[in-house]
Structure formats: C-alpha cells, structure tokens
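Each reported figure results from applying straightforward, stated rules to the coordinates on display, with no laboratory input. This is a predicted model, so every value here is computed, not measured. FYI the Cβ positions are ideal-geometry reconstructions off the backbone, even for glycines, and counts take in every protein chain you see.
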C-alpha cells in the first residue's frame, strides 16, 4: 500500500474508532432512515388501499424515498466526518502532518461510503421485508441511479465542508438544510413538468432530477432511460470535480489568511 493510501485509510480507521467507542454516533446511522422508510411505507400502503389496483405507489414513492435518503446519508457522511475534526479541534493537527487535501477528501469519502452503506442496508431490508418493495422493477438501472446520487451526495458533502472551512464552525447550520433546499428541484415525488417553467430550468441543473425522472420512466414504460442517466452522470461528475476544486481553493485561502487557526463558534467571518 502506498503512503498516500495509508494516510487515507488511517482517516477511515480513525472514524471507525470514533463509532466503535460511541453508540450515540452509531444509532443515527440507521434510526432516521428506518423512520423514513416506515413512515413512507405506511403512506404508500394507504395510497394503494384507496386507489385500488390502478397504480402501485410502493416502487414509485417508497423507492424514491429510499434513493433520496441514500443521497442525503452520503452527503451527511462527508459533513459529519469533517465536523468531527472541527468539533474536536483536530482539523489543524491533521494538516500539520504531511496529509494532502486529496488524501483528506479521500478519507472523508471512504467514511461516507461506510456509514451510508449501513443506512442503505437498513432501508433495503425494511422496504423489502415489511412493505414488499421489489428492486427488480428498476432492473439494472438501480445501480446507475445509486451511483449518480452517490456522486452528487459526495459533491454536496464537500461543498458543505468548504462552507464550514471558510466561515467557521457556526456555518454548520447552513449544511443540514441543504437536502431540503434542493428537494423541490429534485422532483422526487412528481414529474419535472409539474414545476413552473423557470423552476424546470433550475431542476435540469441538478443530477437528482434526472435520476427520479429516469426512475419514473422505467416504471411507466419498462424501458431504460439512457438519456436521463447520461446527462445526470455527466452533471454529477462535473459537480464532484467543481466541489473538490472549491474545497482546495478554500483550504488554501484559509492557510494563507490564517483562518484555519481561528475557528470560532460564535461568529462568521
């Protein structure tokens, strides 16, 4: 294993030790997603009972909730791992070592993969065993949808971390609402055509809208939505590169100006 990979793996190991030593950190990995799946599972069951056999809401709505929660967990896996370093005043110590920005971001991504997989497994088990969601209805597109949402979730997590790095720990309150802010544009539960024309243009700028449009296309026509997938994938990769570059620029600014050593929970500077 190269030195760079060792450093990245060491960051993952550090977060593993944090989780192992604190049940309070482990429970949120699956508790909130379990609540979401149970709540929306009963909602879809009720909608199926009042609509008869005309439409099955389980794959359309419960599947959408699962995909959206997965993206949110990926983002929060990044930001939570970053904030652990901020809360413990350990961020400056890490970069007093030979650790590079790319190695640090790699460690955050690995930590997010580990924690988001826990939530995904819980959601899949509950949705399948309790509410009868069959993932075969999505076919091979399911893996592609998850990949696009994973890349975009990583991008949002890096963006949120860059906000805190630039403005200080108090800016963490800007991070948590990010999924809620973009959810109306993501078209999780309704087609893109439902939005006003100006919102449709904004919606086309974010990858999740193509994922959920593609998901509904698969359910309605039993055909691969290749166009949506390609556009969503390109956008997701573009956002990932852009956010990584933004984090690097903010880090260099923080080092150059001394902000990296002046975190304050009371003010934004």
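Observations, loosely collected:
- Helix 28-51 vs. the chain, principal-axis angle (Cα, 0 to 90°, nearest 10): 20 degrees
- For the stretch 153-241, pairs of C-alpha atoms spaced more than 20 angstrom apart make up 43 percent of the total.
- Measuring between their Cα centroids, the stretch 26-60 and the stretch 143-186 lie 24 Å from each other.
- Cα pair distances of the chain binned at 10 Å [whole percent]: 7, 27, 33, 21, 9, 2, 0
- Taking the number of Cβ atoms within 10 Å of each Cβ as an exposure proxy, the fewest-first ranking of 201, 68 is 201, 68.
- A P(r) calculated from all alpha carbon pairs of the stretch 1-116, with 10 Å bins opening at zero, reads 13, 35, 24, 15, 10, 4, 0 percent.
- Tilt relative to the chain, helix 141-167 - C-alpha long axis, 0 to 90 degrees, to 10: 30 degrees
- With 5 Å bins from 0: P(r) over the stretch 93-215, alpha-carbon pairs, percent: 2, 9, 13, 18, 19, 16, 11, 7, 4, 2, 0
- Sorted by Cβ density within 10 Å, fewest first, the residues 57, 42: 42, 57
- Sum of -39500 (n - 2.57) over DSSP H runs of 4+, divided by residues of the chain (222 nm, nearest 500): -24500 deg cm²/dmol
- Degrees separating the helix 3-20 axis from the principal Cα axis of the chain, which is the longest one: 70 degrees
- With neighbour counts taken as other beta-carbon atoms within 10 Å, the residues 43, 175, 158 rank, fewest first, as 43, 175, 158.
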